[in-house]
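For reference, the structure is listed below as structure tokens.
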Amino acid sequence: MLTVFSGGTGTPKLLRGLKELCNFAVIVNTAEDIWISGNKICPDIDSVMYSLSELIDTNKWWGIKEDTFVTHEMLKKLGYEEMLKVGDMDRAIHILRSELLRKGYSLTEATRQIAKRLGVKQDVLPMCEEEVETIIVTPYGEMHFQEFWVSKRGEPEVIDVFFRNIENAKATDDVVSMLEKSEVILIGPSNPITSIMPILEVRGIKETIYDKKVIAVSPIIGNRAFSGPAGKLMRAKGFEVSPLGILEIYKDFLDVLIVDKSDEKLSGKYKDIQIIAENTVINNKKDAIKLSKTILSLIDS
Ligand code: FO1
């Protein structure tokens, strides 16, 4: 079995290709989740589900394609400003999730039900049930990741990043049994600090991946993050912003790092880790399928 660790942007792009070629499960970051207007938004789970069901808005890589924002705009007219621009169809998913949670279902079960209703065939598993929050420490104080990224447009200087309540988070039974069944772990091209680190820090996850084949796709090309604030956050955590910085973060358990063709000079062996260069820029489904084929060839080798 192949299990993919995913955040909300880079990896869902890849999953859209991978799903055409094989079956897999996805363990998803929930540390960027936030309650807005009475509903729980799980941006990364939703982007994974929307990508796997072809509902994703491929312009923004969050939300549902052709969504409208009637409720969001009406709330604004009423003087109530939501932190995130929530689409109407997207909000329907948040309402259903929150109702299931209020009825006592776990986030794992609520996600399973919603994914099934959206026609998703793969197992999409939240990393844990406990509420964990990515907090960005800035000169203006501490703020939730969404406040930093959306309200403040990722502009404040980042002093530190931490995951509130991670010490109480433990892998769910579903995550544990999926990891037991998995021979290969794929760490997608997601932000290593805010998307992948929370997954690795959930008790019971990192411990289980040392004896598996772990393949990662670098979200950093040259000295720049492909998208989002990965570069800024890596720097704040003391890592070099380069594929080698990614290697440094994952080196304890990594077997293969896929870097972009433009970083071909890095290919070869670094300690025990194989570095392979491939086109990692995903502009469309064809790119996603091509990169997925390379990944699958590495699994078989
Ligand atoms: N990102 C934005 O930059 N602006 C938004 O208004 C916004 C709304 C939003 C609503 C639902 C959702 O699931 C995601 C949303 N995002 C928005 C994306 C989100 O802030 C982040 O890109 C992810 O958390 C990164 O993984």
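The residue that is most open to solvent (accessible area, probe 1.4 Å), among those in region 270-280 that are of a type outside the set (A, V, I, L, M, F, W, C) and within 13 Å of LEU244 (Cβ to Cβ), is LYS271.
Here's the yes/no breakdown for (1) over 28 Å from PRO192 (Cβ atoms); (2) in contact (Cβ under 8 Å) with a residue 60 or more places away in the chain; (3) more than 10 Å from the ligand (Cβ to nearest atom):
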| residue | (1), (2), (3) |
| --- | --- |
| LEU15 | no, yes, yes |
| ALA31 | no, yes, no |
| LEU78 | yes, no, yes |
| ASP88 | yes, no, yes |
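Tell me which residues, restricted to region 252-266, are over 27 Å from LEU200 (Cα atoms) and either in contact with an Asp or Glu (Cβ under 8 Å, 6 or more places away or on another chain) or at pLDDT below 95 (or both).
From region 252-266, those over 27 Å from LEU200 (Cα atoms) are 261-262, 264-265; that's our starting set.
Selection gives LYS261 alone.
Inside region 276-301, can you point out the residues that are within 22 Å of THR3 (Cβ to Cβ) and among the hydrophobic types (A, V, I, L, M, F, W, C)? Within region 276-301, ILE276, ILE282, ALA288, ILE289, LEU291, ILE295, LEU296, LEU298, ILE299 qualify. Once region 169-185 is narrowed to residues that are touching a residue at least 60 places away in the same chain (Cβ under 8 Å) and over 13 Å from TYR210 (Cα atoms), the residue that is farthest from the chain's Cα centre (by Cα) is LYS181. Selection over region 151-179 of residues that are open to solvent by less than 20 Å² (accessible area, probe 1.4 Å), touching a Pro at 6+ places or on another chain (Cβ under 9 Å) and either away from the ligand (no atom under 16 Å from the Cβ) or in a helix (DSSP H, G or I) (or both) gives a count of 3. Within region 260-301, how many residues turn out to be more than 20 Å from LYS213 (Cα to Cα) and hydrophobic (A, V, I, L, M, F, W, C)? The number of residues fulfilling the criteria is 5. Scanning region 79-98 for residues that are in a helix (DSSP H, G or I), open to solvent by less than 40 Å² (accessible area, probe 1.4 Å) and of a type outside the set (D, E, K, R) yields a total of 3.
Scanning region 33-62 for residues that are among the aliphatic types (A, V, I, L, M), within 14 Å of the ligand (Cβ to nearest atom) and either open to solvent by less than 10 Å² (accessible area, probe 1.4 Å) or touching a helix residue (DSSP H, G or I) at 6+ places or on another chain (Cβ under 7 Å) (or both) yields ILE34, ILE41, ILE45, VAL48, MET49, ILE56.
Considering (1) open to solvent by 10 Å² or more (accessible area, probe 1.4 Å); (2) within 16 Å of the ligand (Cβ to nearest atom); (3) in contact with a strand residue (DSSP E or B) (Cβ under 7 Å, 6 or more places away or on another chain); (4) aliphatic (A, V, I, L, M), the lone condition that ILE221 does not fulfil carries the number (2). Picking from residues in region 224-259 that are under 24 Å from LEU296 (Cα atoms) and among the acidic types (Asp, Glu), the one that is least open to solvent (accessible area, probe 1.4 Å) is ASP255.
Considering only residues in region 99-113 that are assigned to a helix (DSSP H, G or I) and in contact (Cβ under 8 Å) with a residue 12 or more places away in the chain, the one that is nearest to GLU131 (Cα to Cα) turns out to be LEU107.
Among the criteria (1) in contact (Cβ under 8 Å) with a residue 12 or more places away in the chain; (2) at positive phi, the one GLU66 does not fulfil is (1). Only one of the numbered conditions (1) touching a residue at least 60 places away in the same chain (Cβ under 8 Å); (2) out of contact with any strand residue (DSSP E or B) (no Cβ under 7 Å at 6 or more places or on another chain); (3) in a helix (DSSP H, G or I) is violated by THR71, and that is (1). Selection within region 63-78: residues that are of a type in the set (A, V, I, L, M, F, W, C) and open to solvent by less than 90 Å² (accessible area, probe 1.4 Å). The member of this set that is farthest from HIS94 (Cα to Cα) is LEU75.
The values are calculated or read from the model by the stated rules, or taken from the named source; none is laboratory data. Quantities reported herein were computed from a predicted structural model and do not represent experimental measurements. When we count neighbours, we look across all protein chains shown, and the Cβ atoms used for this are built from the backbone with ideal geometry, even at glycine. Just so you know, the surface numbers come from the protein's heavy atoms only, side chains and all, with ligands and any DNA or RNA stripped out. Shrake-Rupley method; radii C 1.70, N 1.55, O 1.52, S 1.80 Å.
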